[in-house]
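Worksheet for the structure shown next.
What follows draws every value from the coordinates through simple rules; no lab data is involved. Since we're looking at a predicted model, the values are computed, not measured. Backbone-built Cβ (ideal geometry, glycine too); neighbour counts: all protein chains shown.
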Amino acid sequence: MITRIEQPKGWNSNNLYDVPPVNGVYVLRDQNQNILFIGSVGSRHLRDRLIGHLQVNDVPGVRYFEWYQTDGPRSARAKARQWIARYRPPFVHRRRRLTEAAPVLG
C-alpha cells in the first residue's frame, strides 16, 4: 500500500523538518512541477534523506517535493523502480555500497 501524505511543498528546510521519519518514496520537482528525481527510503529515514539532498544540492532545479508513505522498505523500492521506469526522471542516482565509497585520507 502507498499513501500520499501531502501535496507538493516548497523545497526549503522548514518544510523538510515537517516530514515524518517513515519508509517511503519521494519525488523532487522543478518550478513547473516536472519530475526531476524519484527516490525511496527504508529504515524510516525519509526526512534525513530529503535534508541530505537539500544540503548537498545534488539535484539542481528542485523547487518542490512530495512523499508517499509505504508499508516498508521493499514496497518503497519497488514503487520507486516502477515510477522511475514510467516517468524517466532526468536525475537517477545509483546507490553506492560502502565498499565503493571513496577512502578516508588521514
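Answer rounded, prolate or oblate for segment 2-91, using the Cα gyration tensor with square roots of eigenvalues a ≥ b ≥ c: rounded when a/c is under 1.5, else prolate when a/b is larger than b/c, else oblate.
Here segment 2-91 falls in the oblate category.
How large is the dipole of segment 2-91 about the Cα centre if only Lys and Arg carry +1 and Asp and Glu carry -1, each at its Cβ, rounded to the nearest 20 debye?
320
Toward the positive end of the charge dipole of segment 2-91, about the Cα centre and with charges on Cβ (Lys, Arg +1; Asp, Glu -1), which of Val62, His45, Trp83 goes farthest?
Trp83
What order do you get for 28-38, 8-18 when each peptide is scored by the mean count of other beta carbon atoms within 10 Å, highest first?
28-38, 8-18
What are the ³J(HN,Hα) couplings of segment 32-44, residue after residue, when phi is run through the Karplus curve with 6.51, -1.76, 1.60 and θ = phi - 60°? Round to Hz, x for glycine and proline.
My calculation for segment 32-44 gives 9, 6, 6, 6, 9, 7, 10, x, 10, 9, x, 6, 6 Hz in order.
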